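Student: Okay, handing you the structure first.
The values are calculated or read from the model by the stated rules, or taken from the named source; none is laboratory data. Everything numeric in this text was worked out from a predicted model, so none of it was measured. In this analysis, Cβ positions are derived from the backbone assuming ideal geometry, glycine residues included, and neighbour counts consider all displayed protein chains.
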């Protein structure tokens, strides 16, 4: 199967997410349910899978520690043995791909390809761009539609197959799990869709947004672990404890069962504490009872199930950290480090992040400390990485309700981790880190490059490069600490940040997320400290200088990553950095040029002197709206000649003309992946989506009763928002064209709309002189801002979603705080109305 779909799906394939992957991945081995436990639930799942007429989706929910993943693993084993398991994806915080939304559908599709040849052929017809750029379209266009085509042409293949997706709440990004379910439900309920031969079994915690998206699933295909009666739950736990701790007396085992209140994770954690899984021989009955006595002396707290596991964790941690001294301090740092890493690390990798820079690294001390946490932390014998037995332990440590001092210390450890990562990068990064021989050689033609990367970029440097910004984003703000951290970052951005981008490119890692997180953190520092009496002029100058660097890095990476220059790493400097220095007049960046005196010098007179670069002609009437494509290669325009046109941004040539509107086009916008365009018109009713490549109409949305003045795609590409002269704001399904939500409240025409960067809010402006913020999920009005004295023509969110900017006929531009709805800044100077674009 060395085919087209295999080749393009492979980079997104998450091997550690497969149900049986722990045997090779190194994490704690997944376990099946103890014999004769969860019998009713597993029987119900088997029956659902056999019934071709039952719901295509079954959702199992339950709080942490109730055994959802164990049930999922058990039923995977059963369906695999029957030949019914189509694919599995066990989401996990422990693995970068296993917690990434982008990997889920490609991993599932990869498992289905060898099962169904007709499906593989259908996937072969999918546009490459769908796989590479449009993860939000994976469900419908990479999985559901190809499967429907396959079943239409070949119906004799073994049916039905089941796809299992476990722990959707562990997908990185709070809204990604709910969005995946929403897309799956919508794809399977689309008109004419009857997905024969494929079912989906999903598990998650009872996340409110997941609950909302699952509300349309048939009731008999929804099961909550809380539905298991306490009597049955206790009976199951008793079987488990009897099997795990046979040497304990019946009375002591029954005590554990009673305390567990039916919570499996509680019994399992006590079992590991009494009988360490890493020891070769089980402790004697006397030793087991002594450990249980010690645990009970520490106190096991609440009998409320939700709090019970926290009480147990507290008892175990208190036992380890009860004493004082250097050894306990090391144990604390080891604990903080183990739970705050963005991926599992070995002791060898972890040790440098635990000890101060001026102290020797003691790997033996790290190993000894880890052994004290054997009931909650696990060192894999396969890959020597450190894992938590259960995700609830990390949640517990970071929750200030249980051990406030420990939680605060653990949270502050994100700051220490940031310092460690930046320190490692400052010490280890250098120009041409991997000894690339020539800028005339493409990376793919350098036969020794992979070996050079492996040799010259150590494991700890890889971790620091990939994760420093994620730790930075988790740091709590403190004025004094913020100043020190800003100074550290300014030093890093002074030069080493360029070498970081080089290393990240060689590691085939995208810098975009890290760059955005760092800029957001810096913005929040200014917001948090601006009113502080200790926020001096020096601090303001330092932050302003850092912002110049961060903005330049953002531009530099974007221009390099999206350009042919990225095919040869040296051209990060020779081409992209040279261009950035030519286009930027900031004195701050002269430091970069000072370190690279051999770079070519380019004089960009046209841009710096504000000369027009080109004119694109073809419209026969006024042009009202324009937008660049995300990669900057094309421009879209909307005109009163009733057409939407796409232009080549380099040559100025017309690429495509889209006709279909019967009135002026007031607003146009590109989909975030650049494959679609949305337009709004005064033809009274329509919002239209077009294929950016072919110009063909994809979807038409009808419902407005007057001109559509403004349109925008949601960040996840699933929805379109529109604002109209009919005084409403509406959200539409981008795939089907169906109206999702109508927001009413404005008393005059809506002139401008925009989504927040995280897609949870919508801002609108109107001729009623107000700016309003709406909840994108419910359509409820969140905030109304009323200080403009005339019509508000244009609005936009700041990149971090914390501010809204508005422009008005009252000749002012105003900035608003999204949370408070209060005006932050008023900018005056325009001599006329501010229209259309912010």
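Student: Among the residues of the stretch 420-443, how many are closer than 24 Å to residue 520 by Cα, touching a helix residue (DSSP H, G or I) at 6+ places or on another chain (Cβ under 7 Å) and surrounded by fewer than 19 Cβ atoms within 10 Å (Cβ to Cβ)?
Tutor: 1
Student: Exactly one condition in (1) free of Cβ contacts under 8 Å to residues at least 40 places away in the same chain; (2) surrounded by fewer than 21 Cβ atoms within 10 Å (Cβ to Cβ); (3) over 18 Å from residue 809 (Cα atoms) is not met by residue 789; state its number.
Tutor: Looking at each condition in turn, residue 789 falls short on (3).
Student: Determine whether residue 607 is assigned to a loop (DSSP other than H, G, I, E, B), at pLDDT below 85, farther than 28 Å from residue 693 by Cβ and within 39 Å of the chain's Cα centre (by Cα).
Tutor: No; evaluated as a whole, the condition is false for this residue.
Student: Please find, within the stretch 444-472, the residue that is surrounded by the fewest Cβ atoms within 10 Å (Cβ to Cβ) out of those that are touching a residue at least 60 places away in the same chain (Cβ under 8 Å) and either touching a helix residue (DSSP H, G or I) at 6+ places or on another chain (Cβ under 6 Å) or not assigned by TED's automatic domain parsing to the domain that holds residue 572 (or both). Steps first, answer last, please.
Tutor: So the first thing to find is which residues in the stretch 444-472 are touching a residue at least 60 places away in the same chain (Cβ under 8 Å), and the list is 444, 459-460, 463, 466-467, 470-471.
Right, trim to either touching a helix residue (DSSP H, G or I) at 6+ places or on another chain (Cβ under 6 Å) or not assigned by TED's automatic domain parsing to the domain that holds residue 572 (or both) and you get 459-460, 471.
On the way: 459: 12, 460: 20, 471: 24.
Result: 459.
Student: Kindly provide the set of residues from the stretch 258-271 that are assigned to a helix (DSSP H, G or I) and either surrounded by 21 or more Cβ atoms within 10 Å (Cβ to Cβ) or outside the structural domain of residue 296 (by TED's automatic domain parsing) (or both), ordered by number.
Tutor: 260, 264, 265, 266, 267, 268, 269, 270, listed by residue number.
Student: May I ask you to list the residues in the stretch 28-38 that are more than 30 Å from residue 385 (Cα to Cα) and surrounded by 13 or more Cβ atoms within 10 Å (Cβ to Cβ)?
Tutor: Across the stretch 28-38, the qualifying residues are 37, 38.
Student: Name the residue that is surrounded by the most Cβ atoms within 10 Å (Cβ to Cβ), counting only residues in the stretch 221-251 that are modelled with pLDDT of 90 or more and either part of a strand (DSSP E or B) or not assigned by TED's automatic domain parsing to the domain that holds residue 293 (or both).
Tutor: Among them, the one singled out is 223.
Student: Regarding residue 510, is this residue within 30 Å of residue 633 (Cα to Cα) and modelled with pLDDT under 80?
Tutor: no
Student: Right, something else. I'm checking my understanding of the structure. Among residues of the stretch 565-592 that are exposed (fewer than 14 other Cβ atoms within 10 Å of the Cβ) and in a helix (DSSP H, G or I), which one is modelled with the highest pLDDT?
Tutor: That would be 567.
Student: Moving to a separate point now. Could you list, in sequence order, all residues of the stretch 625-653 that are at pLDDT 90 or above, over 14 Å from residue 677 (Cα atoms) and part of a strand (DSSP E or B)?
Tutor: 639
Student: I've got another one for you. For residue 254, indicate whether it is assigned to a helix (DSSP H, G or I), assigned by TED's automatic domain parsing to the domain that holds residue 92 and free of Cβ contacts under 8 Å to residues at least 40 places away in the same chain. Step through it out loud before you land on a result.
Tutor: Values: assigned to a helix (DSSP H, G or I): yes; assigned by TED's automatic domain parsing to the domain that holds residue 92: no; free of Cβ contacts under 8 Å to residues at least 40 places away in the same chain: yes.
It is false that residue 254 is assigned to a helix (DSSP H, G or I), assigned by TED's automatic domain parsing to the domain that holds residue 92 and free of Cβ contacts under 8 Å to residues at least 40 places away in the same chain.
Student: Quick check on my filter: what residues within the stretch 552-564 are surrounded by fewer than 17 Cβ atoms within 10 Å (Cβ to Cβ) and in contact (Cβ under 8 Å) with a residue 12 or more places away in the chain?
Tutor: 555, 562, 563
Student: Of 619, 661, which residue is touching a residue at least 24 places away in the same chain (Cβ under 8 Å), assigned to a loop (DSSP other than H, G, I, E, B) and more than 24 Å from residue 717 (Cβ to Cβ)?
Tutor: Result: 619 is the single residue among 619, 661 that is touching a residue at least 24 places away in the same chain (Cβ under 8 Å), assigned to a loop (DSSP other than H, G, I, E, B) and more than 24 Å from residue 717 (Cβ to Cβ).
Student: Of everything in the stretch 547-564, what is assigned to a helix (DSSP H, G or I) and either outside the structural domain of residue 523 (by TED's automatic domain parsing) or within 21 Å of residue 674 (Cβ to Cβ) (or both)? Give them in sequence order.
Tutor: Answer for the stretch 547-564, where residues must be assigned to a helix (DSSP H, G or I) and either outside the structural domain of residue 523 (by TED's automatic domain parsing) or within 21 Å of residue 674 (Cβ to Cβ) (or both): 554, 555, 556, 557, 558, 559, 560, 561, 564.
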